[in-house]
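Peer 1: Starting off with a structure, shown below.
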Amino acid sequence: MSKMLNVVTDHMVNNNLTREDVAKKCGWPESKLSSILNGYQKLNAADYGVLCEALEVPYDCFIKQSKGVHS
């Protein structure tokens, strides 16, 4: 799993969000979110935007955190 996907997963855990909850907010089946978070499906830019909106974070949030930059 990429470092950024680890950051996304940590964010979900820290905010008590289940994969089911997040997938529903994204409008995706849970299997799609699980495939992305497990590294079986690439996270493209469009899906990344949907994920950030569902998690109510700025688009650069997970990118900065995965590079060790915290705002």
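Just so you know, all these numbers are worked out from the coordinates, no wet-lab data involved. Since this is a predicted model, take the numbers as computed values, not measurements. Here Cβ is always computed from backbone atoms with ideal geometry, including for glycine, and neighbour counts include all displayed protein chains.
Peer 1: When the helix-only estimate is applied to the chain (DSSP H runs of n ≥ 4, each -39,500 (n - 2.57), divided by the residue count), what is the mean residue ellipticity at 222 nm, nearest 500 deg cm²/dmol?
Peer 2: Rounded to the nearest 500, the figure is -18000 deg cm²/dmol.
Peer 1: Shifting gears a bit: By per-residue mean of other Cβ atoms within 10 Å, what is the highest-first order of 11-18, 48-55?
Peer 2: Top of the packing list down: 48-55, 11-18.
Peer 1: Taking the Cβ-Cβ separation of ALA46 and ASN15 as r and a Förster radius of 35 Å, what is the calculated FRET efficiency to the nearest 0.05?
Peer 2: Once rounded, the FRET efficiency stands at 0.95.
Peer 1: I've got another one for you. In nm, to one decimal, how far is the modelled label at SER34 from the one at LYS67, with both set 7 Å along Cα→Cβ?
Peer 2: 3.3
Peer 1: For q = 0.20 Å⁻¹, what log10 I(q)/I(0) does the chain give under the Debye formula with an equal point scatterer on each alpha carbon and no solvent?
Peer 2: Results for the chain at q = 0.20 Å⁻¹ read -0.78.
Peer 1: Please state the charge dipole magnitude for the chain, taken about the Cα centre, from unit charges on C-beta atoms (+1 on K and R, -1 on D and E), reported in debye and rounded to the nearest 20.
Peer 2: For the chain, the charge dipole is close to 220 debye.
Peer 1: First measure r as the distance between the Cβ atoms of VAL57 and SER2, then evaluate 1/(1 + (r/R0)^6) with R0 = 22 Å and state the FRET efficiency to the nearest 0.05.
Peer 2: 0.80
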